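Read the structure below first, then the notes.
Rule-based calculations on the coordinates, nothing more; no lab input. This is a predicted model, so every value here is computed, not measured. Note: ideal-geometry Cβ built from the backbone for every residue, glycine included; neighbour counts use all protein chains shown.
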Amino acid sequence: MTSVGRNASVLLAAVYFLGAASGSRAQSMEPLSYTNAPIGLNFLLAGYGYLWGGVLVDPSLPVKDVNAKISTAGLTYTRVLDIAGQSGMLTLVAPYAWLSAKGEVDGQSKTAKRSGLADLALRLSVNLYGAPALSLRQFRDYRQDTIFGVSLMVTAPTGKYDPARLINLGTNRWSFRPEAGISKALGPWTLEAAASVTFFTDNNDFLNGNVREQEPLYSVQGHVIYNFSSALWAALDANFYTGGRTSVNGTLDHDRQQNSRWGATLARAFDRNNSVKLYFSSGVSARSGSDFNALGLAWQYRWGAGL
């Protein structure tokens, strides 16, 4: 089995776990999101992430000069599917978060401490070209060339939310993020790019009954991945996202985001069932919010498909 195939979902699940817990879904960087793996494989991931700096669960909130720390922990389950003869993945993310933040609201210094469940996330991806549905036996002869795929990530308003508070762990709204991505293997190297847009439903109970809306948030990301061996790979990641201007009761805020980030990832498989991953990311530029650092560690167990 190729190194990309062996380790693909290690990174996929862990980054979605971090993104869902921090509210940074559009900001998250996800190498190997569009890759191939044997049909019927299951992945269970336990991870911990730590974010610090100008970060909130909802980065579009009207809080200035944010200095926050967010710890995230939780479980992620992924299954590889056969979708009309092509490979796909279904991922469910269940995060828990602890937040401690300081910032300025309406000219006054405020502090907040929160802990509880963050919003659940579900992602379905389908590889439309270059990644056919294969059994484990067939997959041993598979070699990646070019893969093109699409996905949809949905977050549900299941996190802890108090309408009397500005800062919460839940967002009290749905989000939908369709994405298209391409992956090209060149020997031990893999080059990837993806573009997405995140749509938000309204929060109809923002600060005791106000209606808060947010415009779509657009994002592009790119990755350069190197496979050192069948059990070890590393990636350099970068993204740019813009949009997401908000309004309360129809009054627009001057908070359009136009930010970029970079990151690095190292993943290693210790045997056919167990893998670990370490990842880091940091802001390059931030027009509005989301100038933060993130560090995480994840362990994954995989089974099924005759492994």
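Some observations on this one:
- Report summary: the helix-based calculation at 222 nm, which adds -39500 (n - 2.57) for every DSSP H run with n ≥ 4 and divides by the residues of the chain, gives -2500 deg cm²/dmol.
- Dimensions of region 132-192 based on its C-alpha atoms, expressed as ranges along the principal axes with the largest first, amount to 57, 25, 18 Å.
- Span from the region 163-231 Cα centroid across to the region 243-307 one, whole angstrom: 9 Å
- Between helix 3-22 and the chain: long-axis angle, C-alpha atoms, 0 to 90°, nearest 10: 10 degrees
- Computed over region 214-307: relative contact order in percent, which uses C-alpha pairs under 8 Å that are six or more apart: 21 percent
- Whole-percent P(r), the chain, all Cα pairs, 20 Å bins from 0: 36, 54, 10, 0.
- Listed residue pairs exceeding 24 Å between alpha carbons, taken from LYS69/LYS160; LYS160/LYS277; LYS110/LYS160; LYS110/LYS277: LYS160/LYS277; LYS110/LYS277
- A P(r) calculated from all alpha carbon pairs of region 165-223, with 5 Å bins opening at zero, reads 4, 15, 18, 15, 12, 11, 9, 7, 5, 3, 1, 0 percent.
- Choice from PHE139, PHE270, PHE148 with maximal GNM fluctuation in the chain (Cα, 10 Å cutoff): PHE270
- In order through region 232-244: 3J(HN,Hα) via Karplus (6.51 cos²θ - 1.76 cosθ + 1.60), integer Hz, x for Gly, Pro: 9, 9, 9, 9, 10, 10, 8, 8, 9, 9, 8, x, x
- Over region 225-307, the pair-distance histogram of Cα-Cα distances with 10 Å bins from zero comes to 16, 30, 24, 17, 10, 2 percent, rounded to whole numbers.
- Hydrodynamic radius (Kirkwood) for region 72-175, which is based on Cα pairs only, to one decimal in Å: 16.6 Å
- Order of ARG79, ARG302 - criterion: other Cβ atoms within 10 Å of each residue's Cβ, fewest first: ARG79, ARG302
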